[in-house]
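What follows is a single structure, written as structure tokens, with notes after it.
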Amino acid sequence: MNPQTLLEHVGHLKTQMGACFVGSRAVFRGHDLHADLKDMEWVELYVFGITGRRFSPEQLRLMQAIWAHTSYPDARIWNNRVAALAGTARSTGNLGIAAALAVSEATIYGRGIDIRAIEFFIRAKKQVEDGGNLAELVATELKQKRSIAGYGRPIAAADERIKPTMALAEKLGLADGAYVRLAFSIEEILIGGRWRQRMNYGGLSAALAADLGLTPQEYYLYLFPAFLAGMPPCYIEAEQREEGSLFPLTCAHILYEGPAKRRWHPAG
Amino acid sequence: MTMGIHTRIWQEEPEADNPFAARAAYCRGYDVYGELLGQIRWVEMLALLFRDEALSKAEADLLEALAVALANPGPRDAAVHAAMCGGVGGSTSAASLIAALAVGAGQNAGGREVFLVMQAWEVCGTNLDAWRQWLTAPAPDEVSIWPAPQHPPGFDPHGVSTATPVKQALACFVSLNSSARLAWLEQQRAELEAISGLPLALSAVAAAALADLGFTPEQGEMLHLLLRLPGAAAHALEQRQLGHKKFPFFTIELQHDKIGDQA
């Protein structure tokens, strides 16, 4: 890129994604939103927007369930707590929930883990297909990165979301893909070894999504609303209760560990 | 499960009649309202929140100059543009700042770029060969939430020559504080630009200043996000007042459109 390239883009957007022709029509990835796509469910439109591909009703049902099964209206959970704190501080619901979604892009949970999990599965499957040994691959990954995204859980060992999600995937005929089988094989290695880690929901979701053909970036964007359904209840309850009454902290709750009290000397 | 907040930044003593009201607040041991207020410069307070030791006079002068240099990236900057999108439509003030933060967080002139350059300072120091290696190494192919980098961090991907404000800021910072990195950056600027094939950007100057002030890459990223907000706020409010009819909307051309008209 150089200034000449930038000059060519001034004031004008060339796009394949879509546009709104106010008063006449809206185009969404080359299709008329109100004609060609008028019967699309929201989730279908959302993943079509991300991938440009169509998915079967069974696949879409599974995609919705992956969001729903991890939507917990528990205001203690860090991202949900942001939405709830916005309520108790009498901020707007939109701000609170938008911030809670932004916070969901974390390193030890949420989007930061999700994109690593699907990338590892895609890489591992290719290496195994190329003749690699899965156990060695797992050991190398653990040595290099200290953890495998999608295995282990910061709070508890068991993951209550796996069973219902697998049950639904089986019912929909989507539980036996190559990536899901790979994910459970990795779990066997991790349980059998000294690591003693089980697969968590992030691992299963990534494997199911990889079997649906999602790339890491598509999966990352598809998961954006994953925790969303649990957030408005947290905001609503906090907003309906006495202001400031959610998780109040007394001065004594601040456990100070810094320098002792001292006098300030302005820099000369 | 803990119910308290562990911190080495802040301590509070309650009023006798209310455990939720602070009678005194201490920042790293200094009485904020009883002593610091009226005596401490804003940039000194800013630094004190991130580190135990107070800034020296020269360090405070540098941080203040950096804050001035970053205060307004100007309305052409993508982060300020985003804030104005909030302002012009009458979005909440917080939404305009969130927009500026989200866009200004990136690897192109944003907080992540500063973070990456500060990481490079940790690895390369003032060793030109180390910088040569870092600048010419292929970008890491590790998948993360951040998009793949498209240019070496700290350089202007669209630049032809070093922008005058970049040179002015660097010269000013060096004159205020002769710490190692800034002075070295000024001396080696032409060489580094020759290696990267691109002119130095303000993000690299900011990163060097923040590293010279002793901040970690994570702290530098935060401060860069924070210090660029004033301009975003002001421009958002200005566009709200001017109204959407005076705000650019741009033309669009749909490729592969069945009908093929323009909006």
For A:Gly18, distant residues with modelled amide H under 5 Å away: A:Arg29
12 Å reach of a label modelled at B:Leu226, 7 Å along Cα-to-Cβ, counting backbone N of region B:98-113: none
Relative compactness, region B:6-65, computed as alpha-carbon Rg over 2.2 N^0.38 Å: 1.27
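Quote the FRET efficiency, to the nearest 0.05, computed for A:Glu129 versus A:Phe21 with a Förster distance R0 of 51 Å and r equal to the Cβ-Cβ distance.
About 0.65, to the nearest 0.05.
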Label-point separation, A:Leu37 to A:Ser185 (7 Å along Cα→Cβ), nm: 3.8 nm
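Tell me what chain A gives for mean residue ellipticity at 222 nm when only DSSP H runs of n ≥ 4 count, each as -39,500 (n - 2.57), the sum divided by the residue total, rounded to 500 deg cm²/dmol.
Helices in chain A give a 222 nm mean residue ellipticity of -15500 deg cm²/dmol.
I'd like the FRET efficiency for A:Glu136 and B:Val123, computed as 1/(1 + (r/R0)^6) with the beta carbon distance as r and R0 of 22 Å, rounded to 0.05.
On the way: r = 30 Å, r/R0 = 1.35.
The value I calculate is 0.15.
Once you compute Rg and the Kirkwood Rh from C-alpha atoms, what is the Rg to Rh ratio for the protein assembly as shown?
Rounded to two decimals, Rg/Rh equals 0.98.
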Estimated 222 nm signal from helices in chain B, with DSSP H stretches of n ≥ 4 weighted -39500 (n - 2.57), rounded to 500: -16000 deg cm²/dmol
Computed FRET value (nearest 0.05) for B:Arg132 with B:Ala21, which takes r as the C-beta separation and R₀ as 45 Å: 0.20
Radius of gyration and maximum dimension Dmax of chain B, Cα, Å: 21.6, 74
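What share of the DSSP beta bridges in the protein assembly as shown is antiparallel, in percent to the nearest 5? Provide the component values of the computation, followed by the final result.
Working: 18 of 25 bridges.
Restricted to the protein assembly as shown, the bridges split so that about 70 percent are antiparallel.
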Neighbouring partner chain Cβ atoms per residue of B:41-48, average, 10 Å criterion: 1
Label zone at B:Thr164, where the point sits 7 Å out along the Cα-to-Cβ direction: region B:176-190 residues whose backbone N lies under 20 Å: B:190
Contour excess over end-to-end distance, with Cα ends at A:Asn2 and A:Glu160 and 0.36 nm allotted per residue: 51.6 nm
Spin-label model distance (nm) - A:Ala229 vs B:Ala194, 7 Å beyond Cα toward Cβ: 6.2 nm
Alpha carbon convex hull of chain A, projected area averaged over orientations, nm²: 24.8 nm²
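Rounded, prolate or oblate: pick one for region B:24-147, where a ≥ b ≥ c are the square roots of the eigenvalues of its C-alpha gyration tensor, a/c under 1.5 means rounded, and failing that, prolate if a/b is larger than b/c, else oblate.
Values: a/c = 2.24, a/b = 1.17, b/c = 1.92.
Because a/c hits 1.5 or more and a/b fails to exceed b/c, region B:24-147 counts as oblate.
For the cross-link pairs A:Lys14/B:Lys246; B:Lys167/B:Lys245; A:Lys38/B:Lys245, which exceed 27 Å when the distance is taken from alpha carbon to alpha carbon?
Values: A:Lys14/B:Lys246 23 Å; B:Lys167/B:Lys245 37 Å; A:Lys38/B:Lys245 32 Å.
B:Lys167/B:Lys245; A:Lys38/B:Lys245, as the Cα separations exceed 27 Å there.
Under the Kirkwood approximation applied to all pairs of distinct alpha-carbon atoms, what is the hydrodynamic radius of region A:74-117 in Å? Kindly include the intermediate steps, with their values, before the conclusion.
Values: mean 1/r = 0.0944 Å⁻¹.
This gives a value of 10.6 Å.
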Chain B: relative contact order as a whole-number percent, Cα under 8 Å and 6+ apart: 24 percent
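Can you list the chymotrypsin sites (Phe, Trp or Tyr not before Pro) in region B:175-263 that are in a DSSP coil and have 10 or fewer other beta carbons within 10 angstrom?
Working: sites: B:Trp184, B:Phe215, B:Phe249, B:Phe250; in loops: B:Phe215, B:Phe249, B:Phe250.
Of the chymotrypsin sites (Phe, Trp or Tyr not before Pro), the ones in loops of region B:175-263 whose Cβ has at most 10 other Cβ atoms within 10 Å are B:Phe249, B:Phe250.
Taking 8 Å as the Cα distance limit and 6 or more residues as the minimum spacing, I'd like the relative contact order of chain A as a percentage. Write down the numbers at each step before the final one.
Values: 304 pairs, mean separation 74.0, N = 268.
It comes to 28 percent, rounded to a whole number.
Rounded, prolate or oblate: which one fits region A:111-222, using the alpha carbon gyration tensor with axes a ≥ b ≥ c (rounded when a/c is under 1.5, else prolate when a/b beats b/c, else oblate)?
Numbers: a/c = 1.38, a/b = 1.16, b/c = 1.19.
It is rounded, given that a/c, with a ≥ b ≥ c, falls under 1.5.
We did not get these values from a lab; they are worked out from the coordinates using the rules stated. Since we're looking at a predicted model, the values are computed, not measured. Glycine also receives a Cβ, built like all others from the backbone with ideal geometry; neighbour counts cover every protein chain displayed.
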